[in-house]
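A short reminder: the numbers here are calculations on the coordinates, not readings from a lab. Because the structure is predicted, anything quoted here is derived from the model rather than measured. Reconstructed Cβ throughout: ideal geometry from the backbone, glycine too, with neighbour counts over all protein chains shown.
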Amino acid sequence: MKPQTYTFRDDGSIPNSSLPLLFYKGVFAEDFIDADAMIAHFRDFGWKNAWKNGVFDYHHYHSITHEVVGIYQGNAVLQFGGGQGDQISVEAGDVIVIPAGVGHKRISQSEDFAVVGAYPDGCDYDIMKGEPGERPKADENLSKVTLPESDPVYGKAQGLLEVWGHQLVH
């Protein structure tokens with residue numbers, strides 16, 4: 001399965017990325033949609049430092065790492081790319097790979113909406129909000145982010161390795 005791709009330009013507050021966001025629709029079958037199973041699947045492909053929760057209701061991005069988000073319960077509308085970015089409807093079984101610097105925010109959700117997240121090689125993460133004065137440090141951080149060695153859905157077979165190829169983050 002090839003992911004849908006979305007690319008977002010710097011909007012002045014949110015840096016976004018030249019790397020496209022990857023949206024894998026319905027990756028996990030209903031009998032597999034379980035938080036711990038998703039976490040284990042991502043971990044098997046090198047995406048670690050996992051958490052279970054939701055998606056913040058304010059624009060934010062990570063300047064030191066890429067992120068994978070797997071929806072294991074419910075549905076939501078998420079916005080990517082900052083205030084002028086795209087709104088995407090997501091539901092249990094979907095997976096999104098968010099490049100470092102790409103803004104994301106929850107617009108609406110079902111009562112049972114829940115996700116897991118993880119980072120390549122178990123990287124730590126930061127939370128940037130596009131606030132005045134944070135860009136110099138964020139831009140410096142983004143310039144150091146490397147491409148992951150594997151895709152969180154398919155490992156070394158396809159996915160982000162094919163789509164992102166040898167692109168530079170910024």
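Does GLN84 satisfy the condition of being out of contact with any strand residue (DSSP E or B) (no Cβ under 7 Å at 6 or more places or on another chain), among the polar types (S, T, N, Q) and under 19 Å from SER17 (Cα atoms)? Criteria met by GLN84.
Picking from VAL68, VAL55, which residue would you name as being closer than 14 Å to VAL115 by Cα and in contact with a helix residue (DSSP H, G or I) (Cβ under 9 Å, 6 or more places away or on another chain)?
Exactly one residue qualifies, and that residue is VAL68.
The requirement of being within 24 Å of MET1 (Cβ to Cβ), assigned to a loop (DSSP other than H, G, I, E, B), aliphatic (A, V, I, L, M) and out of contact with any Asp or Glu (no Cβ under 9 Å at 6 or more places or on another chain) is not satisfied by VAL90. Among all positions in region 71-94, there is no residue which is of a type in the set (A, V, I, L, M) and more than 24 Å from ASP34 (Cα to Cα).
Of all the criteria given as (1) in contact (Cβ under 8 Å) with a residue 12 or more places away in the chain; (2) within 19 Å of PRO148 (Cα to Cα), the one not satisfied by ALA40 is (1). For the condition under 15 Å from the mean Cα position of the chain (by Cα) and part of a strand (DSSP E or B), SER63 does not qualify.
Return yes when GLY155 is surrounded by 19 or more Cβ atoms within 10 Å (Cβ to Cβ), touching a residue at least 40 places away in the same chain (Cβ under 8 Å) and on the phi > 0 side of the Ramachandran plot and no when it is not.
no
Scanning region 66-79 for residues that are surrounded by fewer than 22 Cβ atoms within 10 Å (Cβ to Cβ) and part of a loop (DSSP other than H, G, I, E, B) yields one hit, GLY74.
Kindly establish whether GLY82 is under 23 Å from LYS25 (Cα atoms) and either surrounded by 15 or more Cβ atoms within 10 Å (Cβ to Cβ) or touching a residue at least 60 places away in the same chain (Cβ under 8 Å) (or both). Yes: the conditions hold for GLY82.
Residues in region 102-125 that are assigned to a loop (DSSP other than H, G, I, E, B) and in contact with a strand residue (DSSP E or B) (Cβ under 9 Å, 6 or more places away or on another chain): VAL102, GLY103, SER110, ASP112, PHE113, ASP121, GLY122, CYS123, ASP124, TYR125.
Please find, among ALA138, ALA92, ALA100, ALA114, the residue that is within 21 Å of GLU162 (Cβ to Cβ) and in contact (Cβ under 8 Å) with a residue 60 or more places away in the chain. Outline the logic, then answer.
Values: ALA138 fails: within 21 Å of GLU162 (Cβ to Cβ); ALA92 fails: within 21 Å of GLU162 (Cβ to Cβ); ALA114 fails: within 21 Å of GLU162 (Cβ to Cβ).
One residue alone meets the criteria, ALA100.
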